[in-house]
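Below you'll find the structure, written out as structure tokens, and then a few comments.
The values are calculated or read from the model by the stated rules, or taken from the named source; none is laboratory data. This is a predicted model, so every value here is computed, not measured. In this analysis, Cβ positions are derived from the backbone assuming ideal geometry, glycine residues included, and neighbour counts consider all displayed protein chains. Surface areas here come from the heavy atoms of the whole protein model, side chains and all, with no ligands, DNA or RNA. Shrake-Rupley method; radii C 1.70, N 1.55, O 1.52, S 1.80 Å.
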Amino acid sequence: MPANSMDELVSLCKRRGFIFQSGEIYGGLQGIYDYGPMGVELKKNIKDSWWSSMVYRRDDIEGLDASILTNPKVLKYSGHEDTFSDPLVDCKDCNGRFRADHLDDSKCPLCGSINLTDPRPFNLMFKTAVGPVDDGKNFAYLRPETAQQIFTNFKNVLDSNPKSLPFGIAQIGKAFRNEITPRNFIFRVREFEQMELEFFVKNGDDEKWHEYWLEERLSWWEDQGVPRSSLEILDVPQDELSHYSKKTYDLMYKFPHGVEELEGIANRTDFDLGSHSKNQNEFEITAKVTNNKESNSKLAVHNLDEKKWEIPYVIEPSAGVDRAFLAILNEAYNEESLPDGKTRTVLKLSKHLAPISAAVIPLKKNDNKLVNLAKDVKDQLQQVSNRRIILENTGNIGKSYRKHDEIGTPTCITIDYDSIEKNTVTLRDRDTMDQKTIDIDDINKHLLI
Ligand code: GAP
């Protein structure tokens with residue numbers, strides 16, 4: 001059962017070290033967050049799961065890790081300089097600034113005034129000076145989406161790793177948007193991460209592949225604990241499509257603050273590769289692109305049958321890591337009543353996402369024999385695991401179970417005197433709270449490590 005409110009999630013995240021406000025000791029920075037010891041593990045596991053499904057389990061997709069600082073020409077020809085903006089209004093009475101499309105009844109949300117300016121476009125890209133002279137000419141943008149460097153590296157990837165259509169390039173990384181009103185915890189922030197795939201297909205096959213990726217992505221979300229029943233598919237109306245899109249499906253999720261976009265799956269046509277290509281008149285580009293006189297590359301594939309160069313179409317599933325984190329956390333969150341009348345908070349995360357795979361807990365914290373055996377068990381498990389196993393030496397089993405329920409640890413392994421005498425341990429299951437005794441040598445068989 002999901003959380004009742006965002007406050008419950010915010011409080012859990014702070015209490016258990018998932019997420020902190022960035023620069024909190026100086027009052028924070030709006031729309032910027034830091035991921036703590038548990039948050040960094042959950043986030044990494046989400047990204048690993050996406051990477052594994054996109055790159056490792058397929059042979060038609062290659063990975064990329066491109067720069068964040070972006071040559072302004074890239075974002076000129078991508079259309080972002082001209083169109084990547086939100087409508088901004090000012091309140092003439094209290095000087096508050098807001099997104100026009102987020103206002104209720106055209107009233108200032110701070111003072112209720114209707115004395116507002118007309119909306120004007122506010123470009124969301126962050127700029128920074130490059131080099132020692134800040135003269136306004138030598139600057140770069142912090143990329144607003146990871147996608148553009150995939151397009152500009154299209155030829156590099158293809159020349160070094162030859163592929164024929166259809167094939168894809170995947171990337172996970174930071175993106176930055178100077179949101180007018182960041183809000184709802186990590187839902188709308190100014191610094192975030194994206195997991196983006198650009199899947200290149202033949203013009204004409206694009207609609208078929210668009211449907212294919214919609215299904216693939218729904219199935220991936222299901223594996224992360226976000227079932228189809230929790231997602232709505234929005235066929236984005238024509239007048240709301242991004243400048244590059246022919247058709248977009250948004251996967252909408254019921255976040256604690258309302259139903260909003262979790263992931264977009266767009267048909268970007270030949271817009272981006274076409275826009276970044278030189279000598280555009282050599283190709284039949286269906287999208288309306290800016291005449292490019294500055295690129296030195298043609299981002300196309302050679303069609304051997306028809307003996308011509310063609311610009312592929314692109315299907316793009318694009319998910320935010322932070323929104324994925326929030327949705328997965330929300331789905332996993334449970335408040336359960338216990339037989340003794342108390343309640344417990346438990347995160348029922350899928351095993352492959354849990355920040356801690358297993359906690360090894362000695363029954364007593366000052367008994368060297370128990371603690372040393374617990375350390376050995378932890379070390380042996382960690383050697384064969386690429387997820388985190390911890391030694392939890394608090395000496396208070398009940399408190400340790402409560403902590404590990406709240407951070408979603410699937411299994412706690414208790415080391416007691418039978419462990420020394422009979423070579424056994426007790427496994428405690430997070431979801432059922434059932435306990436069973438097993439041989440130490442069999443632990444691996446019972447865990448997803
Ligand atoms: N390359 C396509 C693209 O960037 P988008 O719909 O603007 O499309 C894709 O963004 C995803 O990135 C969104 O579905 C969302 O998950 C995430 N995202 C976008 N803006 C965000 C923000 N300000 N804070 C957190 N996540 C954001």
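Suppose R0 equals 60 Å. What FRET efficiency, 1/(1 + (r/R0)^6) with r the Cβ-Cβ distance, do E306 and V130 give to the nearest 0.05?
With a Förster radius of 60 Å, E is 0.90.
Identify the residues of segment 323-367 with backbone N under 19 Å of a label point that sits 7 angstrom from the Cα of D48 along the Cα-to-Cβ direction, or state none.
324-326, 328-329, 348-360
Among V384, N203, I361, whose Cα projects farthest towards the positive end of the dipole of the chain, with charges put on the beta-carbon of Lys, Arg (+1) and Asp, Glu (-1)?
Positive-end residue among those listed: I361.
What FRET efficiency, computed as 1/(1 + (r/R0)^6) with R0 = 35 Å and r the Cβ-Cβ distance, is obtained for S160 and R120, rounded to the nearest 0.05?
0.20
Farthest toward the dipole's positive end in the chain, which of V301, H276, L64, given Cβ charges of +1 (Lys, Arg) and -1 (Asp, Glu) about the Cα centre?
Checked the options; the winner is L64.
Would the chain count as rounded, prolate or oblate if I go by the C-alpha gyration tensor, calling it rounded below 1.5 in a/c and otherwise prolate when a/b exceeds b/c, oblate otherwise?
Verdict is prolate for the chain.
Dipole magnitude of segment 356-446 about its Cα centre, charges +1 at Lys/Arg Cβ and -1 at Asp/Glu Cβ only, in debye to the nearest 20?
Dipole of segment 356-446, to the nearest 20 debye: 340 debye.
List the residues whose amide H sits under 5 Å from the amide H of N303, counting only those 5 or more places along or on another chain, with H placed 1.01 Å from N in the peptide plane.
Long-range HN contacts for N303: K308, W309, E310.
Rounded, prolate or oblate: pick one for segment 356-446, where a ≥ b ≥ c are the square roots of the eigenvalues of its C-alpha gyration tensor, a/c under 1.5 means rounded, and failing that, prolate if a/b is larger than b/c, else oblate.
rounded
Quick one: Karplus J couplings for segment 79-87, per residue in order, coefficients 6.51, -1.76, 1.60, θ = phi - 60°, nearest Hz, x for Gly and Pro?
With the stated coefficients, segment 79-87 comes to x, 5, 4, 8, 10, 7, 9, 10, x Hz.
Quick check for me: using +1 on Lys/Arg Cβ and -1 on Asp/Glu Cβ, what's the dipole size of the chain about its Cα centre, in debye to the nearest 20?
Dipole of the chain, to the nearest 20 debye: 1180 debye.
When the chain is fully extended, how far beyond the present Cα-Cα distance does D105 get from N281, taking 0.36 nm per residue of separation?
58.5 nm
Test of the criteria: in segment 300-388, which GluC sites (Glu not before Pro) are in a DSSP loop and have at most 13 other Cβ atoms within 10 angstrom of their Cβ?
E306
Ordered by packing density, taken as the mean number of other Cβ atoms within 10 Å over each peptide's residues, highest first, how do 404-414, 29-39 rank?
404-414, 29-39
Just subtract the alpha-carbon distance of D7 and D379 from 0.36 nm times their residue separation and send over the number in nm, one decimal.
This chain segment gains 130.2 nm when fully extended.
Just want to confirm a number: the relative contact order over segment 356-446, from Cα pairs under 8 angstrom separated by 6+ residues, in percent.
Rounded, it is 30 percent for segment 356-446.
Non-local amide H neighbours of R188 (under 5 Å, H modeled in plane, Pro and chain starts lacking H): which ones?
Sorted by chain and number, the residues that satisfy this are R183.
For the modelled label position 7 Å from the Cα of K202 along Cα-to-Cβ, which residues of segment 154-181 have backbone nitrogen atoms closer than 18 Å?
Zone members listed by number: 163-168.
Expected output is a single nm value to one decimal: the length gained when fully extending between Y417 and N396, i.e. 0.36 nm times separation in residues minus the C-alpha distance. What is it?
Full extension of this stretch gives 6.0 nm more.
Just the number please: accessible area per residue for the chain, 1.4 Å probe, all protein chains included, in Å².
That works out to 48 Å² per residue.
If you find the alpha carbon centre of segment 314-390 and of segment 157-210, how far apart are they in angstrom?
Centre-to-centre distance over Cα atoms comes out at 30 Å.
Using a Förster distance of 45 angstrom, determine the FRET efficiency expected from the C-beta separation of N368 and Y56, and round it to 0.05.
Rounded to the nearest 0.05, the efficiency is 0.60.
Using modelled backbone amide H atoms (1.01 Å from N, in-plane), which distant-in-sequence or interchain residues come within less than 5 Å of F126's amide H?
Sorted by chain and number, the residues that satisfy this are L142, N178.
Once you have a ≥ b ≥ c as the square roots of the Cα gyration tensor eigenvalues for segment 1-120, tell me rounded if a/c is under 1.5, and otherwise prolate or oblate according to whether a/b is larger than b/c.
Because a/c hits 1.5 or more and a/b fails to exceed b/c, segment 1-120 counts as oblate.
Keeping the other protein chains in place, figure out the carbon and sulfur percent of the accessible area of segment 356-446, with a 1.4 Å probe.
42
When the dipole is taken about the Cα centre of segment 262-318, and only Lys, Arg (+1) and Asp, Glu (-1) are charged at their Cβ, what size is it in debye, to the nearest 20?
240
For S22, what is the net charge nearby, where nearby means another residue's Cβ is under 9 Å from its Cβ and Lys, Arg count +1, Asp, Glu -1?
Within the 9 Å Cβ shell, the charges total -3.
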